[in-house]
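One structure is given below, encoded as structure tokens.
The values are calculated or read from the model by the stated rules, or taken from the named source; none is laboratory data. None of the values given here were measured: they were computed from a predicted structure. All Cβ positions, glycine included, derive from the backbone under ideal geometry; neighbour counts span all protein chains shown.
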Amino acid sequence: MPHDVIIACDFPSAEETFRFLDRFGPVRPFVKIGMELFYSEGPSIVRSLKERGHRIFLDLKLHDIPNTVKKAMRVLSSLDVDLCNVHAAGSVSMMEAAVEGLTRPDGSKPLLIAVTQLTSTDQETMERDLWIREPIRDVVLHYAANAKAAGLDGVVCSPLEAGLIHETCGIGFLTVTPGIRFAGGDAGDQKRVTTPSDAKRLGSDYIVVGRPVTAAEDPPAAYRKCLEEFLG
Ligand code: C5P
């Protein structure tokens, strides 16, 4: 099974991103590009980071009609991203279309994962705004099962849900988990946080780490600490 630490490069510009990554010298971490950086810099940020030798999780969370998602995914596939995502709420047929769009003529494709429920959505919000009345845990598991049925490779979830997702969808179904903090670190706006070593123990396949590395005084040292705890 692949296991790695993905650094969330939540920077507003390519310039700041490169300045940050230059601090790592010859080390080329797996990085996550989110909406802010992608919308400000466009596909060129993906091409530049690939040229520098980084693997890329492009976190755009697509959610639209199947045909539109298929065509958008074809573009992301030709950009050669390594990991990308959709909202499972878009339906099984939308996720199947995403897989189709991502699959290259030679049969290869980037890994594709689904967002089940956003971590900003709790039971109350789900019931009030989305009119979904089942327990959120069941909804997350149902959406994960839909993602698996559609041929996706895994889901974004909390490390606390990783075991349950593996039990339901199989050990090979990837769990990519944000909400990571070092013991005693500042949680910021994350509500339920897990250390890299706990994420490992709970069965996360990839951890996504932002501020504990990007805001650290010595980002390469913080990254090495994550790797040691998570892989070690
Ligand atoms: O700085 P921090 O470690 O909290 O960053 C976590 C990253 O993971 C951010 O880019 C955030 O948008 C993303 N994320 C998350 N929770 C989710 C999905 C994505 O924190 N459920």
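Quick rundown of the values:
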item: Any chance residue 147 is at negative phi and either surrounded by fewer than 23 Cβ atoms within 10 Å (Cβ to Cβ) or within 14 Å of the ligand (Cβ to nearest atom) (or both); result: no
item: Scope region 181-191; condition over 16 Å from residue 232 (Cβ atoms) and within 11 Å of the ligand (Cβ to nearest atom); matching residues; result: 181, 185, 186, 187, 188, 189, 190, 191
item: Check on residue 120, surrounded by fewer than 12 Cβ atoms within 10 Å (Cβ to Cβ), polar (S, T, N, Q) and under 19 Å from the mean Cα position of the chain (by Cα); result: yes
item: Residue in region 132-139 that is modelled with pLDDT under 95, within 11 Å of the ligand (Cβ to nearest atom) and over 20 Å from residue 63 (Cβ atoms) present; result: no
item: Residue match in region 195-202 (condition: within 14 Å of the ligand (Cβ to nearest atom), assigned to a helix (DSSP H, G or I), free of Cβ contacts under 8 Å to residues at least 60 places away in the same chain and within 30 Å of residue 28 (Cα to Cα)); result: yes
item: Filter result (among the β-branched types (Val, Ile, Thr), within 16 Å of the ligand (Cβ to nearest atom) and farther than 24 Å from residue 6 by Cβ) within region 69-128; result: 125
item: Candidates 163, 154, filtered to the one that is at pLDDT 95 or above and away from the ligand (no atom under 16 Å from the Cβ); result: 163
item: Residue list for region 31-56, filter: part of a helix (DSSP H, G or I) and more than 13 Å from the ligand (Cβ to nearest atom); result: 39, 40, 41, 43, 44, 45, 46, 47, 48, 49, 50, 51
item: Number of positions in region 107-138 that are part of a helix (DSSP H, G or I) and either touching a residue at least 40 places away in the same chain (Cβ under 8 Å) or in contact with a helix residue (DSSP H, G or I) (Cβ under 7 Å, 6 or more places away or on another chain) (or both); result: 3
item: Residue, surrounded by the most Cβ atoms within 10 Å (Cβ to Cβ), within region 1-33, restricted to residues that are over 17 Å from residue 230 (Cα atoms), among the hydrophobic types (A, V, I, L, M, F, W, C) and without any contact (Cβ under 8 Å) to a residue 60 or more places away in the chain; result: 33
item: Among the candidates 19, 28, residue that is under 25 Å from residue 159 (Cα atoms) and either more than 16 Å from the ligand (Cβ to nearest atom) or of a type in the set (S, T, N, Q) (or both); result: 28
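Rundown of residues vs (1) surrounded by fewer than 17 Cβ atoms within 10 Å (Cβ to Cβ); (2) more than 11 Å from the ligand (Cβ to nearest atom); (3) under 30 Å from residue 145 (Cβ atoms), yes/no style:
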position	(1), (2), (3)
168	yes, yes, yes
173	no, yes, yes
179	no, no, yes
193	no, no, yes
212	no, no, no
